[in-house]
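Each remark here refers to the structure printed beneath this line.
The values are calculated or read from the model by the stated rules, or taken from the named source; none is laboratory data. Since we're looking at a predicted model, the values are computed, not measured. Here the Cβ is made from the backbone with ideal geometry for all residues, glycine too, and neighbour counts use every protein chain on show.
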Amino acid sequence: MNFFSYTRRNEKYCLISLFPLHRPSYFFILNPDMKIKLVLENGTIFTGESFGAHGVTTGEVVFNTSLTGYQEILTDPSYAGQIVTMTYPLIGNYGINSEDMESVKPQVAGLVVKEYSEYPSNFRSTESLGSWLERHNIIGIQGIDTRMLTKIIRSSGAMRGIISTEDQTDEQLLERVKQSPQMAGLDLATRVTTKEQYSWDAVDTTPFALAPSVTPPKKRLNVVVYDYGVKQNILRRLTSYGCSLTVLPASYPAEKVLEMKPNGIFLSNGPGDPAAVTYAIENIKQLIGKKPIFGICLGHQLLCHALGGKTFKLKFGHRGANHPVKNLKTGAIEITSQNHGFAVNPDSLDPHIVEMTHINLNDGTNEGFRHRTLPIFSVQYHPEASPGPHDSDYLFKQFMEMMKK
């Protein structure tokens, strides 16, 4: 059995849940005086056990429904400024390896899990999740009821929170939460973007690499990548389709991009509020009509703003590897990997200029659009699928065909 303890304001509760009969039974008892807590801005306080680093961290508390892929999630720059809750109950069981990194380090503000697996078992594992988090100064909390936390976020919306191993009162922690920045209006692209321009030609050479759906061209196409928090697997997918990449800082001037004479321009994923990344929006405006453009996630939202549209903050966002999306052009249903807290308002875009191409089947929000006359398109979800299904990999082929024309 498993004992779970949490506190809301000055009220203390203890919940008991039974594991399925086919699992070994064991006791996991939480000390009510333990010095690690997760405090939400609505006053809910969870008490658990610490793993990873010690200290204090604040961020927007969100949940991800992926069953696997925690390493890719934790290293995705789109999660900068966020405390990620994994809804799958056992995390860390296959450890950490060098091949599944989406950036050079974990990007999350903190990690919340039901049960942390201290002893990983996997032929690729080189390190436990806890030691890796500790080495990178990321705080983790385990042993709380993540189902309850997820329901709170679904009902009340994503909210600010704090994880602390320090000896502070509940009132002090709650005050620190309320003093932390709101996600709305926050430009985080400047925090995660590359500081210097660099080239990328590496492809995925592991035995698990997905082959491109078409034969790459003999002469590689030159693509400029605006890095708002780009995932490395996006770069790998572009190179596997025959692109030679130049990755640029988020604020790199548009006129200098055009001087490079690229075959196409890619707008990457990234964290924060797209409306706050005004310098990127202005640069994209200058590039529209000059070169083929493909945007993903934050790049999709920034392109919307550059075309005169608006975005809005979702109640709790879309984060997981199992979101159904309908392709309005073909009628096909794609199971997609997603990570975003903002969405495009399709009514804000001129229907004579922009055509909606994809919608989310869970809530009807926009998942993609294209320009009616110019070689420009974007999607809200992640076709590079790391982690996630490969249903949407065809979009990289679509970008290649657009540049060849």
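Listed values, structure above:
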quantity: Qualifying residues in the range 236-274 (those that are part of a loop (DSSP other than H, G, I, E, B) and of a type in the set (Phe, Trp, Tyr)) - the one nearest to His340 (Cα to Cα); calculated: Tyr252
quantity: The lone exception for Phe369 - which of (1) in a strand (DSSP E or B); (2) surrounded by fewer than 23 Cβ atoms within 10 Å (Cβ to Cβ); (3) touching a helix residue (DSSP H, G or I) at 6+ places or on another chain (Cβ under 9 Å) it fails; calculated: (2)
quantity: Number of the exception - Val230 against (1) β-branched (Val, Ile, Thr); (2) part of a loop (DSSP other than H, G, I, E, B); (3) more than 21 Å from the chain's Cα centre (by Cα); calculated: (3)
quantity: Criterion violated by Glu102 - all others in (1) assigned to a loop (DSSP other than H, G, I, E, B); (2) in contact with a strand residue (DSSP E or B) (Cβ under 9 Å, 6 or more places away or on another chain) satisfied; calculated: (2)
quantity: Check on Leu186, of a type in the set (A, V, I, L, M, F, W, C), under 19 Å from Ala280 (Cα atoms) and surrounded by fewer than 21 Cβ atoms within 10 Å (Cβ to Cβ); calculated: yes
quantity: Residue selected from the range 154-190 under the condition among the charged types (D, E, K, R) and in contact (Cβ under 8 Å) with a residue 24 or more places away in the chain, by the criterion farthest from Gly299 (Cα to Cα); calculated: Asp167
quantity: Some residue of the range 222-235 being hydroxyl-bearing (Ser, Thr, Tyr) and more than 30 Å from Gly59 (Cβ to Cβ); calculated: no
quantity: Selected residue [free of Cβ contacts under 8 Å to residues at least 40 places away in the same chain and β-branched (Val, Ile, Thr)] from Thr336, Thr357; calculated: Thr357
quantity: Meets criteria (in the same structural domain as Lys397 (by TED's automatic domain parsing), among the aliphatic types (A, V, I, L, M) and at pLDDT 95 or above) for Val225; calculated: yes
quantity: Criterion (under 30 Å from Lys313 (Cα atoms) and either surrounded by fewer than 17 Cβ atoms within 10 Å (Cβ to Cβ) or of a type outside the set (A, V, I, L, M) (or both)) met by exactly one of Lys218, Lys290, Lys261, Lys195; calculated: Lys195
quantity: Which listed residue is polar (S, T, N, Q), in contact with a strand residue (DSSP E or B) (Cβ under 9 Å, 6 or more places away or on another chain) and modelled with pLDDT of 95 or more, from Thr75, Thr7, Thr87; calculated: Thr87
quantity: Residues within the range 372-401 that are more than 28 Å from Gln71 (Cα to Cα), polar (S, T, N, Q) and buried (at least 23 other Cβ atoms within 10 Å of the Cβ), tallied; calculated: 0
quantity: Set Arg154, Arg160: member being under 30 Å from Lys313 (Cβ atoms) and touching an Asp or Glu at 6+ places or on another chain (Cβ under 6 Å); calculated: Arg160
quantity: Some residue of the range 193-215 being within 18 Å of His300 (Cβ to Cβ) and either in the same structural domain as Asp273 (by TED's automatic domain parsing) or not in a helix (DSSP H, G or I) (or both); calculated: yes
quantity: Val56 being surrounded by 24 or more Cβ atoms within 10 Å (Cβ to Cβ), in contact with a Lys or Arg (Cβ under 9 Å, 6 or more places away or on another chain) and not assigned by TED's automatic domain parsing to the domain that holds Leu298; calculated: no
quantity: Per-region count, the range 318-364, residues in a loop (DSSP other than H, G, I, E, B) and crowded, with 19+ Cβ neighbours inside 10 Å; calculated: 1
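Residue-wise test of (1) of a type in the set (Phe, Trp, Tyr); (2) farther than 28 Å from Lys285 by Cβ.
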{"site": "Thr150", "(1), (2)": "no, yes"}
{"site": "Ser156", "(1), (2)": "no, yes"}
{"site": "Thr169", "(1), (2)": "no, yes"}
{"site": "Phe208", "(1), (2)": "yes, yes"}
{"site": "Pro212", "(1), (2)": "no, yes"}
{"site": "Leu221", "(1), (2)": "no, no"}
{"site": "Val224", "(1), (2)": "no, no"}
{"site": "Lys231", "(1), (2)": "no, no"}
{"site": "Arg236", "(1), (2)": "no, yes"}
